[in-house]
Amino acid sequence: MSAPTDRGVVWLGSPSFPEAARDALKDTQLRANLKRATSTIRDKRLAVASELDDWEELRASAAAIKKRVARHLDHYLVQLEESVTAAGGTVHWASDAAEANRVVTDLIRATGEREVVKIKSMATQEIGLNEHLAEAGITAYETDLAELIVQLGDDRPSHILVPAIHKNRTEIRDLFAAKMGRWGEPAPDGLGNDPAELAETARRHLREKFLRAKVAVSGANFAVADTGTVVVVESEGNGRMCLTLPQTLITVMGIEKVVPTWTDLEVFLQLLPRSSTGERMNPYTSTWTGTTDGDGPAAFHLVLLDNGRTDTLADTVGRQALACIRCSACLNVCPVFERTGGHAYGSVYPGPIGAVLTPQLVGVENAASLPFASTLCGACYDACPVKIDIPEVLAHLRAEVVEAERADRRTPTAEALAMKAAAAVLDSPALLGAAQKAASLGGRALARRGRIGRLPGPLRGWSETRDTPVPPAESFRTWWRKNREGDR
């Protein structure tokens, strides 16, 4: 896949989802890592969500708030800018990735610094900020443990919540031992693979960076329009270090993250931790409003990122994807993600939400395979804390992809011809009966040869990844005529 260079989002040069998924399915270690991690998170989420009698009411409230924000986004963004400015912060507007990268780079250069510490941020990954800063001679240090693992391995995140979910602890230990010294304090000799030991190694490695850095870059989980308060939730405390110690804080936030009031925020602070980490509340919930003398950064900059969101908002069906609060619950219940991992999606946003969000942000023509990366089982909709109907959006985008491909083709595809032939057969009782009889005879012949699992010719693509059952000896229509037709 490729995407417009001013938007980022899709990793340039990535293969289409079917091709990438085919390779991922061959990686047995990857599949084992994914199954173990997603099942653990999934079970924890179900347990803590079931503790709340009003869980479904909270979901409905969150969905209603997000719909109200979408209808009046222009109003709430202007209100947010006014509130942040009144509190001593500075707001910058970025229409695309290129503009956002330019704004952040200029702000860092103005401080005279050449390194920054970063809080885990999907928005900065979306615009490729780290790579852009590196080209400008500025080093960005990831401080989230999983993001640190990804950075040390020159890897890509594969999960919204747990970017290194595709790695087990032995692989992480080997990575720390081999690469950590190139970025700062090296791993100790004889490092084991005990999780506590690995966490302590990362803590020592990052500590001197926290104490030295003068500039921090963050994302935002939410921003409250009427107060100008920005919110980051995390589990390790690295975010709190980045938000309090540096002299300058730069936050890059997608424009859809705004909520109207603190009362609205309260709804999401119940839903997000339970849906993401299976916790009743996040260990660290950090909020800040502008700047305060002698407390925290002396300069705060909020970069409001569009990058395709306004175009997405114009689609009355697809816009519901903007309600996503990045909890990753849909990834953890998705049978496709559990078997392929996030890299197969070729996007910063993997899984079901990535399959609907990425094509809208970059244009369906640049991510045409992603809306088809789903079984449409509906598990993602059931798990989503803000009730995004992902299957509905997937079907909607699939139709857009098909229509776009049809407009580009002068001759019909084999699939289109097959569908036209199927329509003719289903419209004729005689043709349908003949087709059913032929399928039954052919299926039994293949079964006698032991080949029913491997269909011949152009049908081979179907049986490569699916069990193909033997057609019944007689169709329902034939059985009805023989046994019940005379009852009427």
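Worth a mention:
- Accessible surface of region 136-218, 1.4 Å probe: 48 percent of it comes from carbon and sulfur atoms.
- Counted charge near ALA196, where neighbours are those whose Cβ lies closer than 11 Å (Asp, Glu -1; Lys, Arg +1): -1
- Counted residue by residue at 0.36 nm each, then reduced by the alpha carbon distance between them, the extension gain from GLN29 to ALA395 reaches 128.6 nm.
- Short-range pairs are left out: with C-alpha atoms under 8 Å and at least six residues apart, the relative contact order of the chain is 20 percent.
- Averaging Cα coordinates gives a centre for region 21-70 and one for region 376-395; these two points are 11 Å apart.
- SER428-ARG484 FRET efficiency (beta carbon distance; Förster radius 22 Å; 0.05 resolution): 0.50
- Considering only alpha-carbon pairs that sit under 8 angstrom and 6 or more positions apart, the relative contact order computed for region 48-165 is 15 percent.
- Residues ALA134 and ARG212, FRET efficiency given R0 of 22 Å [Cβ-Cβ distance, rounded to 0.05]: 0.75
- Region 92-151: relative contact order as a whole-number percent, Cα under 8 Å and 6+ apart: 35
- Of ASP295, ASP264, ASP189, the residue with the largest accessible area leads and the full order is ASP189, ASP295, ASP264 (1.4 Å probe).
- Full-extension gain in nm, PHE372 to LYS420, via 0.36 nm per residue minus C-alpha separation: 15.2 nm
- Helix-only CD estimate at 222 nm, as mean residue ellipticity for the chain, using -39500 (n - 2.57) per DSSP H run (n ≥ 4): -15500 deg cm²/dmol
- The gain in end-to-end length when the GLN247 to THR292 segment is fully stretched comes to 15.0 nm, 0.36 nm per residue minus the alpha carbon separation.
- Calculated FRET efficiency for the pair ASP315/ARG406, C-beta based, R₀ 30 Å, to 0.05: 0.95
- Separation between Cα centres of region 251-291 and region 317-365, rounded to whole Å: 20
- Whole-Å distance, taken between Cα centres, linking region 188-208 and region 96-173: 20
- Per residue, the accessible area of the chain comes to 47 Å², computed with a 1.4 Å probe over protein heavy atoms only.
The values are calculated or read from the model by the stated rules, or taken from the named source; none is laboratory data. Nothing here was measured: the structure is a model prediction, and the numbers come from that model. Glycine gets a Cβ as well: all are built from the backbone with ideal geometry, and neighbour counts include every protein chain shown. Please note that ligands, DNA and RNA were not included when accessible areas were found on the heavy atoms of the full protein model with its side chains. Shrake-Rupley method; radii C 1.70, N 1.55, O 1.52, S 1.80 Å.
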